[in-house]
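Heads up, the thing below is written out as structure tokens.
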Amino acid sequence: MVRSDPRRPAGWTEPGFAPQSLRPGRAIDASALLSPFDSLIWDRRRTERIFGFRHSFELYVPAAKRQFGYYVLPYLLGDRIVARVDLKADRVAGALLVQGAFLEDGSEPAAVAGPLALELRAMAGWLGLDDIVVAGRGDLAPALAAQLAGPG
């Protein structure tokens, strides 16, 4: 009988590296908006292999060909990339604009909107912006707008 190595993800043919202290099966409690330059996603092939997430930095794509928007940040929740948001800082209006909010396959709006709203509030504060405005683009936009309308 061949025993599988719990440190080697099923189906991987390329090498991967993890600290020796890693204990498989532990829950990951993460919530983060990821810059397109974040080390977690800058290697697009590795990101797709690990997360099943395909990301294109669309600011380099002509506007008519963009799928998600100009400056799109993936959103990591737990051990999955569950959404992506197209953000813009409107410094004149003092608002963080969520120009689009999109769920990834298998993600539920009710599970994503609350934690994402907390991250957006933190980002707005860090940028010195007083308001967050959600546009209607994307399947996550209604739930996210509802979360942000509540007490924060």
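Build a GNM of the chain with springs between Cα atoms under 10 Å apart, and of Phe37, Phe57, Phe68 the one that fluctuates most is Phe37. Across segment 74-133, Cα pairs under 8 Å and at least six residues apart give a relative contact order of 34 percent.
For segment 32-152, the residue among Tyr60, Ser39, Leu76 whose Cα projects farthest onto the positive side of the dipole built from Cβ charges is Tyr60. The base-10 log of I(q)/I(0) for segment 13-122, evaluated at q = 0.17 Å⁻¹, reads -0.90 [Debye formula, identical scatterers on Cα atoms, solvent excluded].
Stretch Arg137-Asp29 to full length: gain in nm at 0.36 nm per residue minus the Cα-Cα span? Kindly include the intermediate steps, with their values, before the conclusion.
Numbers: separation 108, 0.36 × 108 = 38.88 nm, distance 2.82 nm.
So the extension gain works out to 36.1 nm.
Expressed as a whole percent, the accessible area of the chain that falls on carbon and sulfur atoms is 55 (1.4 Å probe).
Where in the chain are the DSSP H helices whose C-alpha atoms run 15 Å or more along the long axis and whose mean Kyte hydropathy is at least -1.0?
Details: long enough: 109-127 (26 Å, 1.01).
The answer, listed by residue number, is 109-127.
Within segment 44-152, list the trypsin sites (Lys or Arg not before Pro) lying in a DSSP loop whose Cβ has at most 12 other Cβ atoms in a 10 Å radius.
Passing sites in segment 44-152 are Arg54, Arg91.
Placing dummy labels 7 Å off each Cα toward the beta-carbon, the span from Ser21 to Val92 is 5.0 nm.
Considering helices alone, the calculated mean residue ellipticity of the chain at 222 nm is -7500 deg cm²/dmol, with DSSP H runs of length four and up weighted by -39500 (n - 2.57) and normalised per residue. Comparing mean-square fluctuations of Ile132, Ile41, Ile28 from a GNM of the chain with C-alpha springs under 10 Å, the top value falls on Ile28.
Where Lys and Arg each count +1 and Asp and Glu each count -1, what net charge lies around Asp86 among other residues with Cβ under 15 Å from its Cβ? Can you show the working numbers first?
Numbers: positive: Lys65, Arg66, Arg84, Lys88, Arg137; negative: Glu58, Asp90, Glu104, Glu119, Asp139.
Its environment carries a net charge of 0.
The calculated FRET efficiency for Arg45 paired with Ala149, based on their beta-carbon distance and R0 = 35 Å, is about 0.35. Relative contact order of the chain, taken over Cα pairs closer than 8 Å and 6 or more residues apart, is 17 percent.
Summing +1 for each Lys or Arg and -1 for each Asp or Glu among the other residues whose beta-carbon sits under 14 angstrom from that of Pro109 gives -3.
The values are calculated or read from the model by the stated rules, or taken from the named source; none is laboratory data. Fair warning: this is a prediction, and the values are worked out from it, not measured in the lab. Counting neighbours? That spans all protein chains shown, and the Cβs are built from the backbone with ideal geometry, glycine included. Side chains included, ligands, DNA and RNA excluded: accessible areas come from the protein's heavy atoms. Shrake-Rupley method; radii C 1.70, N 1.55, O 1.52, S 1.80 Å.
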